[in-house]
Amino acid sequence: MEMGKVGSVRSEINVTPLVDVCLVLLIIFIVIQPMTQMGYNTTIPPKAPPNVVNTPPPDQLVVSYTAEKKIYLNKQEVTEASLITQLGQILANRRDKVVFFSVDDNANYGEAMNLMDDVRNAPGYKEDAELGVKIGIVMEPVPVK
């Protein structure tokens, strides 16, 4: 009698139970997936009426730059030198030094950035470094007229 053939141990893995378990799990996930809630409950504000024009508060400074290279400070046309002078005078007396920029889509990007740098370096704006320089960018062009 040969000993190796009668009582030998098989070293192969039986894959059939593993495949059965994986298929059952796959079916469970496929059935449960549509039942799970996707996303979060949120509340959004109601839409504003389309004909209402939001005007900025009177103490808010908005610098507008158009494609025709015109500069406006709160809808009043100014030159670059007078803009810097006026902003310096206005911002010297303010604690909250915020200037918003509205740039026309067709305006030169480099010129608009140079104007922002000039405003950032305006006298009265740079002196209060502990409060920080705050420049806001308006995403939609502000009408100047």
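The values are calculated or read from the model by the stated rules, or taken from the named source; none is laboratory data. Owing to the predicted nature of the structure, the values given are computational and were not obtained by experimental measurement. Glycine gets a Cβ as well: all are built from the backbone with ideal geometry, and neighbour counts include every protein chain shown.
Restricting region 129-143 to residues that are under 15 Å from Asn106 (Cα atoms) and modelled with pLDDT under 75, which is surrounded by the most Cβ atoms within 10 Å (Cβ to Cβ)?
It comes out as Val142.
How about region 83-96: which of its residues are surrounded by fewer than 13 Cβ atoms within 10 Å (Cβ to Cβ) and either modelled with pLDDT of 80 or more or over 29 Å from the mean Cα position of the chain (by Cα) (or both)?
Across region 83-96, the qualifying residues are Gln89, Asn93.
May I ask you to list the residues in region 56-91 that are in a helix (DSSP H, G or I) and within 17 Å of Ile135 (Cβ to Cβ)?
Listed by number, the residues that qualify are Glu80, Leu83, Ile84, Gln86, Leu87, Gly88, Ile90, Leu91.
Is it true that some residue in region 4-17 is in a helix (DSSP H, G or I), of a type outside the set (S, T, N, Q) and at pLDDT 80 or above? Explain how you work it out, then say what you get.
Initially, region 4-17 is screened for residues in a helix (DSSP H, G or I), giving 4-6, 16-17.
Among the residues that remain, those that are also of a type outside the set (S, T, N, Q) are: 4-6, 17.
After this cut, where a residue has to be at pLDDT 80 or above as well, the list is 17.
Taking every residue of region 4-17 in turn, at least one turns out to be in a helix (DSSP H, G or I), of a type outside the set (S, T, N, Q) and at pLDDT 80 or above.
Return the residues of region 45-74 that are aliphatic (A, V, I, L, M) and either in contact with a helix residue (DSSP H, G or I) (Cβ under 8 Å, 6 or more places away or on another chain) or at pLDDT 80 or above (or both); say none if nothing qualifies.
Residues satisfying the conditions are Leu61, Val62, Val63, Ala67, Ile71, Leu73.
Counting only residues that are under 15 Å from Ala112 (Cβ atoms) and hydrophobic (A, V, I, L, M, F, W, C), which one in region 57-72 is surrounded by the most Cβ atoms within 10 Å (Cβ to Cβ)? Step through it out loud before you land on a result.
Of region 57-72, the ones under 15 Å from Ala112 (Cβ atoms) are 62-72.
In the following step, the residues that additionally are hydrophobic (A, V, I, L, M, F, W, C) were identified as 62-63, 67, 71.
Numbers: Val62: 17, Val63: 24, Ala67: 12, Ile71: 18.
Here the answer is Val63.
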